[in-house]
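The values are calculated or read from the model by the stated rules, or taken from the named source; none is laboratory data. As the structure is a computational prediction, the values presented were derived from the model and not from experiment. Quick reminder, even Gly has a Cβ in these numbers, built from the backbone with ideal geometry, and neighbours come from all protein chains shown. Protein only, heavy atoms only, side chains kept; ligands, DNA and RNA dropped before computing areas. Shrake-Rupley method; radii C 1.70, N 1.55, O 1.52, S 1.80 Å.
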Amino acid sequence: MSAARRRPAGDPSAPPRPVRAALPGTLRSDAPGRAPGRDPRAGAELPVQARLLAVASSLFAERGFAQTSVQDIVERAGVTKGAMYHYYSAKDDLLQEIYTRLLDLQSRRLAGIADGGGPAAERLRAAAADVVVTTLDHLDDAVVSMRSMHMLPESRQAAVRSGRRRYHERFRALVEEGQQAGELRPEVSADLVVHQFFGGVHHLGTWYRPDGELRPEEIGRTFADLLLRGLAIG
């Protein structure tokens, strides 16, 4: 693992984080030639709302939610406070949407994999690799989600936890399906499998760097392989 990937998040020696659009269908955050607030596919400016989200995600991941002001966001996004308040009434709105858009993306992809054909064990493998890749492809969103969700009001935290719980339950159902089909070790607690696996996923932001040696797809395959090896029969 390269030194660039071993630096802890927040290390002052680490290079500044790029602004990341973190929207489905865009290029990865480490794509060359990326300019703040620009759509990497066409070079046109992102719409104001998307630009605000991209900048907020980058700043929250770089500085922390509490240390980032509304003024910081609008200055880096190149918009006025009035433009921001047209879409978001407060920083809380930005924080919750950053979390929600990544979870929504991952939930849709998990549903497509879980509802597909083939052995449950192979669908579990695909789901495990996918959540790693999508987390790394949208790393600022993931880092913000892991570090700052506790700063939302309790009512909003409840909604966030509910959405994440539904995702984990769908993932756990794949483990249980594989166990019931005789494809995976039946004596292993499916709940424990989910907790162990997502513990690793949630720590990706503490060590992964886009300029490191391993690509998201390779890391995803490795995580999925380790999961399935631990559940293999015999």
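Identify the residue in region 67-86 that is surrounded by 13 or more Cβ atoms within 10 Å (Cβ to Cβ) and not in a helix (DSSP H, G or I) and, among all such residues, is nearest to the chain's Cα centre (by Cα).
My answer is T68.
Any idea which residue in region 108-142 is farthest from I233 (Cα to Cα), counting only those that are in contact (Cβ under 8 Å) with a residue 60 or more places away in the chain and assigned to a loop (DSSP other than H, G, I, E, B)?
Ranking the candidates gives H138 first.
Tally up the residues in region 215-234 that are farther than 23 Å from V143 by Cα, of a type in the set (V, I, T) and crowded, with 18+ Cβ neighbours inside 10 Å, please.
Here the count works out to 0.
Right, G178: at pLDDT 95 or above, open to solvent by less than 30 Å² (accessible area, probe 1.4 Å) and over 29 Å from D140 (Cα atoms) or not?
When the stated conditions are applied, G178 passes them.
Of the residues V201, V132, V193, which is more than 20 Å from L105 (Cβ to Cβ) and β-branched (V, I, T)?
On inspection, the qualifying residue turns out to be V193.
Looking at (1) under 22 Å from A159 (Cβ atoms); (2) open to solvent by less than 50 Å² (accessible area, probe 1.4 Å); (3) outside any helix (DSSP H, G or I), find the lone condition where S89 falls short.
Result: S89 passes all but (2).
For G212, all conditions in the list (1) modelled with pLDDT of 95 or more; (2) more than 23 Å from R101 (Cα to Cα); (3) open to solvent by less than 30 Å² (accessible area, probe 1.4 Å) hold save one; what is the number of the exception?
It is condition (1) that G212 fails.
Let's see how each residue does on (1) open to solvent by 20 Å² or more (accessible area, probe 1.4 Å); (2) within 19 Å of the chain's Cα centre (by Cα); (3) at pLDDT 95 or above; (4) aliphatic (A, V, I, L, M):
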{"site": "G117", "(1), (2), (3), (4)": "yes, no, no, no"}
{"site": "L124", "(1), (2), (3), (4)": "no, yes, yes, yes"}
{"site": "D140", "(1), (2), (3), (4)": "no, yes, no, no"}
{"site": "L152", "(1), (2), (3), (4)": "no, yes, no, yes"}
{"site": "G163", "(1), (2), (3), (4)": "no, yes, no, no"}
{"site": "G182", "(1), (2), (3), (4)": "yes, no, yes, no"}
{"site": "V193", "(1), (2), (3), (4)": "no, no, yes, yes"}
